[in-house]
1. Considering region 50-170, what Rg and Dmax in Å follow from its alpha-carbon atoms?
2. What net charge do the residues around ILE123 carry, taking every other residue with its C-beta under 9 Å from that of ILE123, with Lys and Arg at +1 and Asp and Glu at -1?
3. Excluding PRO156 itself, calculate the net charge of residues whose Cβ lies under 12 Å from the Cβ of PRO156, where each Lys or Arg counts +1 and each Asp or Glu counts -1.
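Coordinate-derived values only; no laboratory data. Keep in mind that this is a model prediction, so the values were computed, not measured. Cβ: placed from backbone, ideal geometry, glycine included. Neighbour counts: every protein chain shown.
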Amino acid sequence: MRRRWSCWMTPTRSRRPPEAGACAPVLLAAGLAALSLAACSPTAPPGVDRDQLDAEVSRAIGDPASCALIGKAGSGKLLYRYNTATVCDRLLDACAGGARMKVGDLLAATAKDRKPRQLSCAITPDHSRGVGWASGPIAGTDMVYAAAMEGDRTFPGRMMAERLEAGFRRAKVSRP
C-alpha cells in the first residue's frame with residue numbers, strides 16, 4: 001500500500017526534511033502586514049456608526065462601481081470610504097473637456113474650497129454608460145464628501161448629492 005503524501009516527504013535540495021516552524025516568521029510577517037493595512041483603512045467619522053453609514057450610502061448610491069469618501073474640510077484627511085480602495089482609485093471621465101480624475105481628487109478640491117459640485121455625462125458614444133460626480137460640505141460639520149458612480153444606471157450628479165445628503169442625515173453624520 002502506498003503511503004499518503006505529506007510535505008515531510010517532499011525532497012529538498014539538501015535532502016534534509018524541512019524544519020518544523022521554518023515558515024513561522026514568514027507567516028507572522030504576512031499577518032502583521034495585513035493588520036497594519038487594516039488599521040490604516042478609514043472607518044467612520046467620530047461618533048458615527050459605520051454600519052449605519054454604510055447602509056445609508058448603499059441605499060443612496062449603492063452599486064459595485066460607486067464610491068463615496070468623507071474627509072476633513074481644509075486638510076482633506078480621509079475619514080470614511082464606501083467601497084474598496086480599488087473602486088475608489090479608478091480614473092473616470094471628469095465630464096469636463098476630456099479630463100479624467102479620481103474620487104480622491106474631487107475630495108481634495110472640495111476640502112480646499114468647500115464648494116458643492118454636481119456633474120454627470122455619458123462616457124460611451126451610444127450613451128449607454130455614464131458617470132456622475134457629487135461633492136460638497138456636510139451640513140453642520142467640518143467635513144466634506146465626494147462621490148462617483150459609473151455604469152449603465154448612473155444617477156445625475158444633482159440626484160446623487162440629494163440622496164447622499166439625506167443619507168447623511170439619517171446616519172447622523174450631518175448636524176442641523
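1. 13.1, 41
2. -1
3. Values: positive: ARG153, ARG158, ARG163; negative: GLU162.
Once positives and negatives cancel, what remains is +2.
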